[in-house]
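The values are calculated or read from the model by the stated rules, or taken from the named source; none is laboratory data. The structure displayed is predicted, hence computed values, not measured ones. So basically every Cβ, Gly included, is an ideal-geometry build from the backbone, and we count neighbours across all protein chains shown. Quick note on the areas: whole protein, heavy atoms, side chains included, nothing else; ligands and nucleic acids left out. Shrake-Rupley method; radii C 1.70, N 1.55, O 1.52, S 1.80 Å.
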Amino acid sequence: MPREVRERQMLDAAVATFARHGYRAASMDGIAELAGVSKPLVYLYLNSKEDLFTACIRREAAALVRAVRQGVDPATPPDRQLWEGLGAFFTHTAEHPDGWAVLHNQARTSGEPFAREVATMRADLVAFVTELIAAAAREAHDDPELGDREVAGLAHALVGAAESLAGWANTDGSVTAKEAAATLMNFAWAGLGNLMEGERWTPR
(Lines give C-alpha, C1' and ligand atoms only; values in the text may rest on other atoms or scores of the structure.)
Protein backbone atom coordinates (compact mmCIF):
# COMPACT_ATOMS: atom_id res chain seq x y z
CA MET A 1 0.00 0.00 0.00
CA PRO A 2 1.44 3.45 -0.90
CA ARG A 3 2.78 5.40 2.06
CA GLU A 4 0.35 8.31 1.58
CA VAL A 5 -2.63 5.94 1.66
CA ARG A 6 -1.40 4.17 4.79
CA GLU A 7 -0.65 7.49 6.47
CA ARG A 8 -4.12 8.79 5.59
CA GLN A 9 -5.65 5.72 7.23
CA MET A 10 -3.65 6.39 10.38
CA LEU A 11 -4.65 10.04 10.44
CA ASP A 12 -8.31 9.16 9.90
CA ALA A 13 -8.15 6.75 12.83
CA ALA A 14 -6.29 9.29 14.95
CA VAL A 15 -8.79 12.08 14.26
CA ALA A 16 -11.69 9.82 15.22
CA THR A 17 -9.91 8.70 18.40
CA PHE A 18 -8.78 12.16 19.50
CA ALA A 19 -12.27 13.55 18.81
CA ARG A 20 -13.86 10.86 20.96
CA HIS A 21 -11.37 10.63 23.82
CA GLY A 22 -9.25 13.78 23.74
CA TYR A 23 -5.48 14.03 23.40
CA ARG A 24 -4.47 12.79 26.82
CA ALA A 25 -6.88 9.85 27.05
CA ALA A 26 -6.34 8.63 23.49
CA SER A 27 -3.99 5.66 23.20
CA MET A 28 -1.63 4.81 20.40
CA ASP A 29 -2.73 1.18 20.75
CA GLY A 30 -6.33 2.19 20.07
CA ILE A 31 -5.35 4.34 17.10
CA ALA A 32 -3.25 1.54 15.60
CA GLU A 33 -6.06 -0.98 16.07
CA LEU A 34 -8.62 1.32 14.45
CA ALA A 35 -6.26 1.96 11.53
CA GLY A 36 -5.60 -1.74 11.12
CA VAL A 37 -1.84 -1.42 11.58
CA SER A 38 0.71 -2.18 14.29
CA LYS A 39 1.64 0.42 16.89
CA PRO A 40 5.32 0.38 15.83
CA LEU A 41 4.20 1.30 12.30
CA VAL A 42 2.32 4.34 13.63
CA TYR A 43 5.47 5.45 15.43
CA LEU A 44 7.56 4.77 12.33
CA TYR A 45 5.34 6.99 10.18
CA LEU A 46 4.44 9.72 12.67
CA ASN A 47 7.16 9.59 15.35
CA SER A 48 5.17 10.31 18.51
CA LYS A 49 1.70 10.93 19.91
CA GLU A 50 2.40 14.68 19.96
CA ASP A 51 3.51 14.66 16.32
CA LEU A 52 0.47 12.59 15.38
CA PHE A 53 -1.93 15.00 17.07
CA THR A 54 -0.18 17.96 15.45
CA ALA A 55 -0.48 16.29 12.04
CA CYS A 56 -4.21 15.77 12.65
CA ILE A 57 -4.71 19.41 13.58
CA ARG A 58 -2.80 20.66 10.55
CA ARG A 59 -4.66 18.39 8.14
CA GLU A 60 -8.10 19.29 9.46
CA ALA A 61 -7.28 23.00 9.67
CA ALA A 62 -5.98 23.09 6.11
CA ALA A 63 -9.07 21.27 4.86
CA LEU A 64 -11.42 23.71 6.59
CA VAL A 65 -9.64 26.84 5.33
CA ARG A 66 -9.48 25.38 1.83
CA ALA A 67 -13.20 24.54 1.87
CA VAL A 68 -14.14 28.08 2.92
CA ARG A 69 -11.92 29.75 0.31
CA GLN A 70 -13.05 27.43 -2.48
CA GLY A 71 -16.68 27.94 -1.54
CA VAL A 72 -16.58 31.64 -2.37
CA ASP A 73 -17.00 32.90 -5.92
CA PRO A 74 -15.09 36.21 -6.15
CA ALA A 75 -17.27 37.29 -9.08
CA THR A 76 -20.40 37.50 -6.90
CA PRO A 77 -21.49 40.53 -4.82
CA PRO A 78 -19.90 40.89 -1.33
CA ASP A 79 -23.00 39.79 0.56
CA ARG A 80 -23.20 36.66 -1.61
CA GLN A 81 -19.52 35.96 -1.00
CA LEU A 82 -20.02 36.16 2.75
CA TRP A 83 -23.05 33.86 2.49
CA GLU A 84 -21.07 31.37 0.41
CA GLY A 85 -18.17 31.46 2.86
CA LEU A 86 -20.44 30.84 5.84
CA GLY A 87 -22.23 28.08 3.98
CA ALA A 88 -18.93 26.38 3.14
CA PHE A 89 -17.77 26.70 6.77
CA PHE A 90 -20.88 25.16 8.29
CA THR A 91 -21.15 22.49 5.60
CA HIS A 92 -17.57 21.39 6.16
CA THR A 93 -17.80 21.33 9.96
CA ALA A 94 -21.08 19.36 9.74
CA GLU A 95 -19.65 16.85 7.28
CA HIS A 96 -16.43 16.42 9.29
CA PRO A 97 -17.60 16.42 12.93
CA ASP A 98 -14.55 14.56 14.21
CA GLY A 99 -12.20 17.00 12.52
CA TRP A 100 -14.13 19.94 13.93
CA ALA A 101 -14.11 18.36 17.41
CA VAL A 102 -10.33 18.04 17.22
CA LEU A 103 -9.95 21.69 16.19
CA HIS A 104 -12.65 23.29 18.32
CA ASN A 105 -12.69 21.17 21.47
CA GLN A 106 -9.51 19.14 21.84
CA ALA A 107 -6.64 21.18 20.38
CA ARG A 108 -7.67 24.39 22.12
CA THR A 109 -7.68 22.78 25.56
CA SER A 110 -4.57 20.61 25.28
CA GLY A 111 -2.02 23.40 25.68
CA GLU A 112 0.90 24.35 23.48
CA PRO A 113 1.89 23.72 20.77
CA PHE A 114 -1.59 22.53 19.78
CA ALA A 115 -3.46 25.72 20.62
CA ARG A 116 -0.96 27.65 18.50
CA GLU A 117 -1.75 25.44 15.50
CA VAL A 118 -5.45 26.27 15.84
CA ALA A 119 -4.63 29.96 16.26
CA THR A 120 -2.83 29.84 12.90
CA MET A 121 -5.94 28.38 11.25
CA ARG A 122 -8.12 31.01 12.87
CA ALA A 123 -5.81 33.79 11.65
CA ASP A 124 -6.17 32.48 8.09
CA LEU A 125 -9.96 32.53 8.37
CA VAL A 126 -9.97 36.01 9.93
CA ALA A 127 -7.73 37.32 7.14
CA PHE A 128 -10.11 35.94 4.51
CA VAL A 129 -13.22 37.34 6.22
CA THR A 130 -11.43 40.69 6.58
CA GLU A 131 -11.04 40.75 2.80
CA LEU A 132 -14.75 40.06 2.33
CA ILE A 133 -15.86 42.78 4.75
CA ALA A 134 -13.42 45.29 3.27
CA ALA A 135 -14.75 44.50 -0.22
CA ALA A 136 -18.31 45.05 0.99
CA ALA A 137 -17.34 48.40 2.47
CA ARG A 138 -15.66 49.46 -0.77
CA GLU A 139 -18.77 48.58 -2.73
CA ALA A 140 -21.00 50.52 -0.36
CA HIS A 141 -18.85 53.67 -0.41
CA ASP A 142 -16.12 54.96 -2.67
CA ASP A 143 -14.44 56.21 0.51
CA PRO A 144 -15.67 53.78 3.19
CA GLU A 145 -15.84 54.99 6.76
CA LEU A 146 -14.91 51.58 8.11
CA GLY A 147 -11.24 51.75 9.06
CA ASP A 148 -8.81 48.85 8.93
CA ARG A 149 -8.97 48.37 12.68
CA GLU A 150 -12.76 48.22 12.71
CA VAL A 151 -12.87 45.83 9.76
CA ALA A 152 -10.39 43.53 11.53
CA GLY A 153 -12.46 43.62 14.71
CA LEU A 154 -15.62 42.72 12.81
CA ALA A 155 -13.83 39.81 11.12
CA HIS A 156 -12.62 38.45 14.47
CA ALA A 157 -16.14 38.75 15.89
CA LEU A 158 -17.71 37.00 12.90
CA VAL A 159 -15.23 34.11 12.93
CA GLY A 160 -15.68 33.70 16.67
CA ALA A 161 -19.45 33.62 16.26
CA ALA A 162 -19.18 31.05 13.46
CA GLU A 163 -16.98 28.81 15.60
CA SER A 164 -19.38 29.00 18.52
CA LEU A 165 -22.43 28.40 16.32
CA ALA A 166 -20.78 25.39 14.65
CA GLY A 167 -20.02 23.94 18.07
CA TRP A 168 -23.70 24.25 18.96
CA ALA A 169 -25.04 23.08 15.59
CA ASN A 170 -22.91 19.93 15.65
CA THR A 171 -24.51 18.87 18.93
CA ASP A 172 -28.04 19.38 17.60
CA GLY A 173 -28.85 17.09 14.72
CA SER A 174 -31.90 19.17 13.77
CA VAL A 175 -29.81 22.17 12.71
CA THR A 176 -28.67 22.06 9.08
CA ALA A 177 -25.57 23.79 7.75
CA LYS A 178 -27.78 26.09 5.68
CA GLU A 179 -29.82 27.05 8.74
CA ALA A 180 -26.69 27.79 10.76
CA ALA A 181 -25.28 29.92 7.93
CA ALA A 182 -28.57 31.80 7.54
CA THR A 183 -28.75 32.47 11.28
CA LEU A 184 -25.31 34.06 11.34
CA MET A 185 -25.81 35.85 8.03
CA ASN A 186 -29.00 37.48 9.28
CA PHE A 187 -27.29 38.43 12.51
CA ALA A 188 -24.14 39.80 10.88
CA TRP A 189 -25.30 41.34 7.60
CA ALA A 190 -27.96 43.53 9.19
CA GLY A 191 -25.35 45.07 11.44
CA LEU A 192 -22.78 45.37 8.68
CA GLY A 193 -25.37 47.00 6.44
CA ASN A 194 -26.10 49.65 9.05
CA LEU A 195 -22.40 50.35 9.54
CA MET A 196 -21.86 50.77 5.83
CA GLU A 197 -24.74 53.22 5.69
CA GLY A 198 -23.19 55.22 8.51
CA GLU A 199 -25.73 54.12 11.11
CA ARG A 200 -23.77 53.34 14.24
CA TRP A 201 -24.95 52.33 17.67
CA THR A 202 -23.66 54.50 20.49
CA PRO A 203 -24.34 54.17 24.23
CA ARG A 204 -26.87 56.68 25.49
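Here are a few things to note about the model shown:
- Of the solvent-accessible surface of the chain, computed with a 1.4 Å probe over protein heavy atoms with every protein chain present, carbon and sulfur atoms account for 51 percent.
- Using 0.36 nm per residue and subtracting the Cα-Cα separation, the extra length available between Arg58 and Leu41 on full extension is 4.1 nm.
- Listed residue (Val65, Ser174, Ser38) projecting farthest to the positive dipole end of the chain, Cβ model: Ser38
- Evaluated at q = 0.10, 0.11, 0.18 Å⁻¹: base-10 log I(q)/I(0), Debye formula over Cα of the chain: -0.49, -0.58, -1.17
- Label separation (His21 vs Ala135): 4.4 nm, computed from points 7 Å beyond Cα along the C-beta direction.
- Residue-span extension gain [Ala115 to Lys178] - 0.36 nm each, minus C-alpha spacing: 19.8 nm
- The chain, dipole about Cα centre (Lys/Arg Cβ +1, Asp/Glu Cβ -1), debye to the nearest 20: 720
- Counting only Cβ charges, +1 for Lys and Arg and -1 for Asp and Glu, the dipole size of region 36-96 around its Cα centre is about 240 debye.
- Highest mean packing comes first when the peptides 163-169, 21-27 are listed by Cβ atoms within 10 Å, giving 163-169, 21-27.
- Among Cys56, Thr120, His92 - extreme Cα towards positive end, dipole of the chain, charges at beta-carbon: Cys56
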